[in-house]
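Peer 1: Before I ask anything, let me first share the structure, which is written out below as structure tokens.
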Amino acid sequence: MNDLNNKHFPVSWDQFHRDSKALAWRLADKGEWSAIVAITRGGLVPAAIVARELNIRVIETICISSYSSDNNRGDLKVLKKLNEKLISTYKNDFSTILLVDDLVDTGATARMVKEIIPGSHCATVYAKPEGINNVDTFITEVSQDTWIFFPWDTGLQFVPPINPEGE
């Protein structure tokens with residue numbers, strides 16, 4: 001995000017809700033889902049929306065950190081593993097498990113989670129080209145150099161136009 005040449009894509013709560021609901025619509029025809037694993041933190045909100053829309057009652061989280069405190073990509077760290085009961089319940093047949101995240105960027109996080117839950121279906125609201133092959137379903141593709149500002153990371157404020165002479 002420190003590169004001033006990056007494109008900025010601010011997403012409002014309304015837009016994120018619509019896009020997450022569209023993800024649920026797309027997933028409705030792809031299978032019978034028995035559980036959702038939200039990849040946190042970004043996957044919490046879309047997982048809640050998808051769970052409501054598809055009437056999925058079992059929601060688990062896996063907590064993976066992929067960014068450092070200065071918003072630069074760092075090493076992946078599993079901060080919270082999956083509940084062992086989820087793993088034992090499905091006895092290595094994870095085809096009805098739905099992984100949900102807000103964004104796939106490089107695909108590193110999605111790859112890691114799919115190694116932990118092989119055969120699961122990975123869905124994200126937004127996808128960048130470097131990571132797109134690591135998800136099964138997504139709604140909107142954005143360019144690799146785009147920084148998405150999610151509604152939980154922003155507040156309302158004036159933003160000057162791209163061309164400063166247009167003020």
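FYI, it's all coordinate maths here, none of it is from the lab. The structure displayed is predicted, hence computed values, not measured ones. Note that each Cβ is placed from the backbone with ideal geometry, even for glycine, and that neighbours are counted across all protein chains shown.
Peer 1: Using DSSP, restrict attention to beta bridges with both residues in the range 67-167 and report what percent are antiparallel, rounded to the nearest 5.
Peer 2: So the antiparallel bridges amount to about 10 percent of the total.
Peer 1: While we're here: Quick check: residue separation of Thr89 and Arg41 times 0.36 nm, minus the Cα distance between them. What number comes out in nm?
Peer 2: Stretched fully, the Thr89-Arg41 segment lengthens by 14.9 nm.
Peer 1: In addition: With only alpha-carbon atoms counted, please give the Rg and Dmax of the range 84-131, in Å.
Peer 2: According to the Cα coordinates of the range 84-131, Rg and Dmax are 11.5, 34 Å.
Peer 1: If you take every residue apart from Val45 with its C-beta less than 14 Å away from the C-beta of Val45, what net charge results, scoring Lys and Arg +1 and Asp and Glu -1?
Peer 2: Computed value for this residue: -2.
Peer 1: Please get the size of the charge dipole for the range 7-155, origin at its Cα centre, with Cβ charges of +1 on Lys and Arg and -1 on Asp and Glu, quoted in debye to the nearest 20.
Peer 2: The dipole of the range 7-155 has a size of about 320 debye.
Peer 1: Still on this structure, please answer the following. What is the chain's relative contact order, in percent, from Cα pairs under 8 angstrom and six or more apart in sequence?
Peer 2: About 25 percent, as a whole number.
Peer 1: Ok, one more. Taking other Cβ within 10 Å of each residue's Cβ, how do Phe9, Phe150, Phe158 sort, fewest first?
Peer 2: Phe158, Phe9, Phe150
Peer 1: What order do you get for Ser65, Ser143 when you list them from fewest to most C-beta neighbours inside 10 Å?
Peer 2: Ser143, Ser65
Peer 1: Rounded to the nearest 500 deg cm²/dmol, what is the calculated helix-only ellipticity per residue at 222 nm for the chain, with -39500 (n - 2.57) per DSSP H run of length n ≥ 4?
Peer 2: The helix-only estimate for the chain comes to -7500 deg cm²/dmol at 222 nm.
Peer 1: Using the count of nearby Cβ atoms within 10 Å as a rough guide to exposure, how do Lys77, Lys114 rank from fewest to most?
Peer 2: Placing the least packed residue first, the sequence is Lys77, Lys114.
Peer 1: For the range 1-122, what percent of Cα pairs sit more than 26 Å apart?
Peer 2: Of all Cα-Cα distances in the range 1-122, 23 percent exceed 26 Å.
Peer 1: Another question, if that's okay. Please compute one quarter of the surface area of the Cα convex hull for the range 92-167 and express it in square nanometres.
Peer 2: The directionally averaged projection comes out at 6.5 nm².
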